[in-house]
Amino acid sequence: MSINTFGHLFRFTTWGESHGPALGATVDGCPPGIALTEEMLQVWLDKRKPGTSKYTTQRREPDQVEILSGVFDGKTTGTPIQLMIRNTDQRSKDYGDISEKFRPGHADITYFQKYGIRDYRGGGRSSARETAARVAAGGVARAALAQLIPDLEIKGYMTQIGPNGIIGARDMAEIDNNPFWVPSAVTAQNWAAYLDDIRKSGSSVGAVVEVVAKGAPAGLGAPIYAKIDTDLASAMMSINAVKGVEIGEGMNAARLTGEENADEIRMGNDGPRYMSNHAGGILGGISTGQDLVVRFAVKPTSSILTSRKTITKAGEDTDLITKGRHDPCVGIRAVPVGEAMMACVILDHLLLHRGQNGETPLGVFGE
């Protein structure tokens with residue numbers, strides 16, 4: 001039984017471990033004739049790779065992606081696209097102390113309970129290193145979407161680190177100017193001081209990431225079992241360390257009245273015009289043509305330098321300090337991963353729409 005594949009028509013299967021020779025993704029269902037090169041994918045992998053600032057793990061991985069199949073003369077052929085990223089900076093000796101112990105808050109114990117065996121070197125498949133393969137697959141989806149929905153823009157950013165939110169108005173032009181992908185220069189400075197203290201203490205902290213897709217057409221998704229919000233929630237929840245997902249107003253919708261929550265509609269020059277977007281661009285599982293808004297919470301990194309109580313494989317009580325190179329806030333590198341998963345879901349649902357509705361255009365309104 002394989003449970004390593006995501007998607008319906010546009011599908012990718014990730015493979016590999018944190019400390020193995022390589023990891024990657026097999027992408028199937030990408031339309032033929034899409035311009036695709038390793039350089040196009042590398043742009044996105046460079047956003048996620050470790051060691052880019054003192055606020056991420058200092059593991060030095062180039063995350064250089066190789067396309068092994070499915071592309072000829074710079075265009076996709078319609079056959080499976082094999083993507084590989086070699087691991088070059090493993091330090092497995094850092095994990096010798098946990099070969100017989102389980103890290104609290106980590107998947108070590110549940111992997112062992114399920115399979116009776118685990119790769120303790122960096123957590124194997126449970127490591128956030130697996131997300132590099134998702135970003136590569138998301139790069140393929142972005143390339144296809146650039147040709148199929150040229151006005152689509154997908155942007156992710158952090159809205160919270162620990163208890164600290166964004167200060168003042170958001171300035172989207174600032175997202176790429178700081179290591180936190182936060183749309184506020186002042187907020188980035190405050191977060192830097194806060195995370196410095198967390199990092200120096202050997203601890204870690206969680207974060208909230210928001211991903212917005214602008215220019216997504218109305219009509220993506222389907223009622224009940226293929227809702228686009230269902231698949232977006234599944235996509236984000238599958239990212240390592242994610243513990244909660246919201247669409248649009250999310251949990252806050254429980255505090256609103258019907259009058260406050262309903263997005264009123266007027267007729268505009270180009271079709272329906274919504275006066276607010278509490279629904280996050282999705283009604284009844286189908287996109288409205290507004291911005292698609294997804295938010296997810298990332299827990300603190302479980303590997304910390306503070307002694308924690310745990311048990312051994314033999315069932316004995318013990319204490320553990322986790323050594324090695326770890327992210328003080330893994331949510332930082334989750335931003336490009338969330339963008340990648342958003343791209344994969346949108347392309348998947350675009351292909352599903354075409355499969356059911358043929359050439360009927362998306363976003364049709366009126367007779």
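The values are calculated or read from the model by the stated rules, or taken from the named source; none is laboratory data. The model shown is predicted, which means the values in this text are computed figures rather than measured ones. Because the Cβ atoms are built from the backbone with ideal geometry, glycine has one as well, and the counts that use them run over all protein chains shown. Each accessible area value is taken on the protein alone, full model and side chains, heavy atoms only, with ligands, DNA and RNA left out. Shrake-Rupley method; radii C 1.70, N 1.55, O 1.52, S 1.80 Å.
Less than 14 Å Cβ to Cβ from G258, Lys/Arg counted +1 and Asp/Glu -1: what total charge do the surrounding residues give?
Details: positive: R255; negative: E249, E259, E260, D263, E264.
The answer is -4.
With an 8 Å cut-off on Cα pairs and a minimum separation of 6 or more residues, tell me the relative contact order of the chain in percent.
For the chain, the relative contact order is 22 percent.
Find the all-direction average of the projected area of the Cα convex hull for the stretch 123-273, expressing the result in square nanometres with one decimal place. Walk me through the numbers on the way to the answer.
Values: hull surface 50.3 nm².
Approximately 12.6 nm², given one-decimal rounding.
At each listed q (0.06, 0.08, 0.12, 0.15 Å⁻¹), what is the log10 of I(q)/I(0) that the Debye formula gives for the chain modelled as equal alpha-carbon point scatterers?
So the normalised log intensities work out to -0.24, -0.42, -0.94, -1.38.
Quick one: among F102, F112, F12, which has the greatest mean-square fluctuation in a GNM of the chain with alpha-carbon springs under 10 angstrom?
F112
How compact is the stretch 114-157 by the rule of thumb for globular proteins, expressed as Cα Rg over 2.2 N^0.38 Å? Don't jump to the answer; show the numbers that get you there.
Details: Rg = 16.2 Å, N = 44, 2.2 N^0.38 = 9.3 Å.
Cα Rg divided by the expected 2.2 N^0.38 Å: 1.74.
From the cross-link list K114/K227; K47/K75; K75/K227; K47/K114; K155/K323, which pairs have alpha carbons spaced over 27 Å apart?
Checking Cα-Cα distances, K114/K227; K75/K227; K47/K114; K155/K323 exceed 27 Å.
Which order do peptides 258-271, 335-348 fall in by mean Cβ count within 10 Å, highest first? Please report the intermediate quantities before stating the final value.
On the way: 258-271: 10.3, 335-348: 28.1.
Order by mean packing, descending: 335-348, 258-271.
Could you work out, for the stretch 230-367, what percent of all Cα-Cα pairs fall into each 5 Å distance bin, beginning at 0 Å and stopping at the bin that holds the largest distance?
Over the stretch 230-367, the share of Cα pairs per 5 Å bin runs 2, 8, 13, 14, 14, 13, 10, 7, 5, 5, 3, 3, 1, 0, 0 percent.
Would you mind calculating the relative contact order of the stretch 236-326 from Cα pairs under 8 angstrom and at least 6 residues apart, reporting the percent as a whole number? Before the final figure, lay out each step's value.
On the way: 120 pairs, mean separation 24.0, N = 91.
Reported relative contact order: 26 percent.
Mind ranking Y120, Y225, Y157 by accessible surface for me, highest first, 1.4 Å probe? Please report the intermediate quantities before stating the final value.
Numbers: Y120 80, Y225 200, Y157 10 Å².
Largest to smallest exposure gives the sequence Y225, Y120, Y157.
Taking all protein chains as present, what is the carbon and sulfur share of the accessible area of the chain, in % to the nearest whole number, probe 1.4 Å? Don't jump to the answer; show the numbers that get you there.
Numbers: 9030 of 17390 Å².
Ligands and nucleic acids excluded, carbon and sulfur reach 52 percent.
Whole number in Å², please: accessible area per residue of the chain, 1.4 Å probe, ligands, DNA and RNA not counted.
Computed with neighbouring chains in place, this is 47 Å² per residue.
Mind ranking 287-295, 210-218 by how tightly packed they are, going by the mean number of other C-beta atoms within 10 angstrom, highest first? Walk me through the intermediate numbers first.
Details: 287-295: 23.3, 210-218: 20.6.
The packing order, highest mean first, is 287-295, 210-218.
Please find, in a Gaussian network model of the chain (springs between Cα atoms separated by less than 10 Å), the residue of P31, P183, P328 whose mean-square fluctuation is greatest.
Comparing P31, P183, P328 in the GNM, the peak value goes to P31.
If the convex hull of the alpha-carbon atoms of the stretch 248-319 is projected onto planes in all directions, what is the mean projected area in square nanometres?
Mean shadow area of the hull around the Cα atoms is 9.2 nm².
Please list log₁₀ I(q)/I(0) at q = 0.19 Å⁻¹ for the stretch 290-332, using the Debye equation with identical point scatterers on the alpha-carbon positions.
Log-scaled intensity ratios, in q order: -0.72.
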